[in-house]
Amino acid sequence: MTDVVEAGIASGTEGKLIRALDWKGAFWVAAGVPPLVLFSIGGIAGTTGKLAFVVWIISMVMGFLQSFTYAEIAGMFGNKSGGASVYGATAWLRYSKFIAPLSVWCNWFAWSPVLSLGCAIAAGYILNAFYPIPAADSQMVLDWISAHAASVTADSPRVAEYIAAHAGTTPEDAVKALLGTDGVAALTPAIRSWSLVSFSIPFLATANINATFFIGGILMLIIFAIQHRGISETASVQKWLAIIVLVPLLIIGLYPIVSGQIVAANVTGLVPPTAAYTASDGTWSNGGWTLFLGGLYIAAWSTYGFETAVCYTRELKNPKTDTFKAIFYSGLACCLFFFLVPFAFQGVLGHAGMLAPGIVDGTGVAEALGGLISAGRVITQLLVVLMIMALFLAIMTAMAGSSRTLYQGSKDGWLPKYLDHANEHGAPTRAMWTDFAFNLFLLAIASDAGGYFFVLAVSNVGYIIFNFLNLNSGWIHRMDSGHIERPWKAPTWLIGVNTALAFVNALFLGAGAKVWGYSNALWVGFIFAALILPVFAYRHYVRDGGKFPAGAMEDLGLIGQDLGVKKAGMLPYLALVGGLAIVLIANWFFQLPA
């Protein structure tokens, strides 16, 4: 009977996660992380200017170092899923019941928005393919202008308004500009501006139920259907998607370097810009440092993400050996892509080229990739398909990891009990539906570039909180849970380095969250993080009577509800106070350029 349950056959109405992966399978499931560089490559270039590729390298090095702490704590819990946030949360359990669910929650609401953000970009590509907005210099627009030349005259009130807004413009140039704008608007397919409803969400953003929302929702349902069949099926699909996407992306990243297309001026003279999204070089002033730290803040959302490779420990056939291999080789792959792609982009396009609207919002990245290899129209269209597949790859990774975080959080008594369910294929379907519903809401916000970066900036507040707590959990586990076997153990000096990096991440959070166009992003992120506290209180004190599930205690080598001796004493509390102090001081000290 044990074998049947372990194989994931339903027991009543509930199945179990299935041990169906080796480390290569976990690697392929995590292979959606490298394409995340394309999500924010334009935003980071706009914010940090010529420093952009350096930001990616620094952030990736930090992420790789930090992963060794995660590899150690993941190996301690071979029968858990859900990733580093779950494994690290257990370290905080002795010191505060509320810190543990905070870590899990923050990791989930950082990872889950990849679904909505990725689907928003993919929907943009699909709309561009089938319902393109005509270029102002296209023949169809020029023909329209010729046919409607009399609709705007030099004495028109619109011309006067345009000249007032664009000092130095002649009436003739104003007429040409207005006719061009009118022509593009007239020939733009109606679906591009269609909206079923649009409404403002107080203190957050504007939601828009439009074509991007509906297309994105359909894409999420397709990904849900694939993952409904379990982790083995997901890994198989991910493997082929990764090969199809990552090999061409690697070639495109290498080609400009080996062919001599890198312009030295684009990657030297490394100073921040005068302001975000300006092409002029600035100085290392307070404002310049703020933009630089803001770039490191948002890059972490992508470069640290390969820690998702340890989300599947409970589904590995041999977690003692496969856990470390999965995260280590995923990290090496990410180093290759996060070093190479931003350098190639910036080396060829330059700072000004990286500020193109299609690069910033992500929908023009395929055309930019084509430009790196001087591709013709047919190859560029194939790259558009490649980009959609790359987004699918990233979204698949996010749904697989974030749903298992919800599932394990429920099994350990931190999140609502209904999430503790897997279908007959071992897929945590209730958690997946929760992801889907949450991301439909986010998709409504992310349907335009402004909302896109708002979601990104706020969700990353949770990601940095999670990283801070988990990097500190490494040394807490060393002190409190030294009796638990560690199949792979990080060097002690590296645990110390990563503890220091936890506080560096706190600096990024305090200084960087404000950079992305929303001065209240940090506070909105804090409020969203705090939402887990009443949810956990209800689950733990009302549903479970103040007791944790027996399995969660056994994982820590504890008997009953005794949480054990707090061998670390006051140090975890001092770490929390120190981290919060750094965030608040950095938020006060670092200010955007005037």
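The values are calculated or read from the model by the stated rules, or taken from the named source; none is laboratory data. The shown structure was predicted, so the numbers you read here are calculated from the model rather than taken from an experiment. So basically every Cβ, Gly included, is an ideal-geometry build from the backbone, and we count neighbours across all protein chains shown. Calculation scope for accessible area: heavy atoms of the full protein, side chains included, ligands and nucleic acids excluded. Shrake-Rupley method; radii C 1.70, N 1.55, O 1.52, S 1.80 Å.
Residue-wise test of (1) at pLDDT 85 or above; (2) open to solvent by less than 10 Å² (accessible area, probe 1.4 Å).
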| residue | (1), (2) |
| --- | --- |
| LYS417 | yes, no |
| GLY426 | no, yes |
| ALA431 | yes, yes |
| LEU440 | yes, no |
| LEU456 | no, yes |
| TRP475 | yes, no |
Original post:
Hey, PHE468 hits all of (1) in a loop (DSSP other than H, G, I, E, B); (2) within 20 Å of TYR87 (Cβ to Cβ); (3) of a type outside the set (S, T, N, Q) but one; which does it fall short on?
Top reply: (1)
**OP:** For residues that are assigned to a helix (DSSP H, G or I) and out of contact with any helix residue (DSSP H, G or I) (no Cβ under 7 Å at 6 or more places or on another chain), scanning just segment 152-178, find the one that is nearest to TYR131 (Cα to Cα).
**Re:** LYS176
Subject >> Number of the condition not met by ILE218 [criteria: (1) hydrophobic (A, V, I, L, M, F, W, C); (2) surrounded by 15 or more Cβ atoms within 10 Å (Cβ to Cβ); (3) at pLDDT 90 or above; (4) under 23 Å from LEU382 (Cβ atoms)] >> reply: (2)
Subject >> Unique match (being among the aromatic types (Phe, Trp, Tyr), more than 30 Å from SER519 (Cβ to Cβ), open to solvent by less than 10 Å² (accessible area, probe 1.4 Å) and not in a loop (DSSP other than H, G, I, E, B)) among PHE306, PHE338 >> reply: PHE306
Subject >> Pairs, first more than 17 Å from ASN210 (Cα to Cα) in segment 105-123, second part of a helix (DSSP H, G or I) and of a type in the set (Asp, Glu), C-beta under 6 Å, six or more apart >> reply: SER112/ASP435
**OP:** Only residues that are under 14 Å from LYS24 (Cβ atoms) and polar (S, T, N, Q): list them for segment 282-340, please.
**Re:** ASN318, THR321, THR323, SER330
Subject >> Any hit, segment 277-296, residues being assigned to a loop (DSSP other than H, G, I, E, B), within 30 Å of VAL504 (Cα to Cα) and of a type in the set (Val, Ile, Thr) >> reply: yes
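For (1) surrounded by 14 or more Cβ atoms within 10 Å (Cβ to Cβ); (2) out of contact with any Gly (no Cβ under 9 Å at 6 or more places or on another chain); (3) under 30 Å from MET389 (Cβ atoms), each residue gets a yes or a no:
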| residue | (1), (2), (3) |
| --- | --- |
| VAL104 | yes, no, no |
| ILE126 | yes, yes, yes |
| ALA136 | yes, no, no |
| ALA150 | no, yes, no |
**OP:** Give ALA333, ALA299, ALA368 a once-over and let me know the one that is open to solvent by less than 10 Å² (accessible area, probe 1.4 Å), part of a helix (DSSP H, G or I) and among the small types (Gly, Ala, Ser).
**Re:** ALA299
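Which ones in segment 179-217 are in a helix (DSSP H, G or I) and closer than 18 Å to ILE445 by Cβ?
ALA211, THR212, PHE213, PHE214, ILE215, GLY216, GLY217
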**OP:** Give me the pairs, please: first residue somewhere in segment 152-178 and of a type in the set (Gly, Ala, Ser), second residue anywhere and surrounded by fewer than 11 Cβ atoms within 10 Å (Cβ to Cβ), beta-carbon distance under 9 Å, and either six or more positions apart or on two chains.
**Re:** ALA154/GLU172
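Keeping to segment 52-89, report how many residues are open to solvent by less than 10 Å² (accessible area, probe 1.4 Å) and outside any loop (DSSP other than H, G, I, E, B).
20
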Original post:
Is one or more of the residues making up segment 309-325 part of a helix (DSSP H, G or I), open to solvent by less than 10 Å² (accessible area, probe 1.4 Å), over 20 Å from SER403 (Cα atoms) and not basic (Lys, Arg)?
Top reply: no
**OP:** Could you tell me whether segment 154-162 includes any residue that is small (Gly, Ala, Ser) and open to solvent by 70 Å² or more (accessible area, probe 1.4 Å)?
**Re:** no
Original post:
Would it be correct to say that ALA431 is in a helix (DSSP H, G or I), touching a residue at least 24 places away in the same chain (Cβ under 8 Å) and within 30 Å of LYS325 (Cα to Cα)?
Top reply: yes
Original post:
Considering only helices (runs of 4 or more DSSP H) fully contained in segment 483-594, which possess at least 3 residues that are open to solvent by 90 Å² or more (accessible area, probe 1.4 Å) and out of contact with any strand residue (DSSP E or B) (no Cβ under 6 Å at 6 or more places or on another chain)?
Top reply: 571-589
Original post:
Just wondering, is there one or more residues in segment 273-296 that are buried (at least 16 other Cβ atoms within 10 Å of the Cβ) and acidic (Asp, Glu)?
Top reply: no
Original post:
Within segment 181-198, is there a residue that is modelled with pLDDT under 85, hydrophobic (A, V, I, L, M, F, W, C), open to solvent by 70 Å² or more (accessible area, probe 1.4 Å) and under 30 Å from VAL365 (Cα atoms)?
Top reply: no
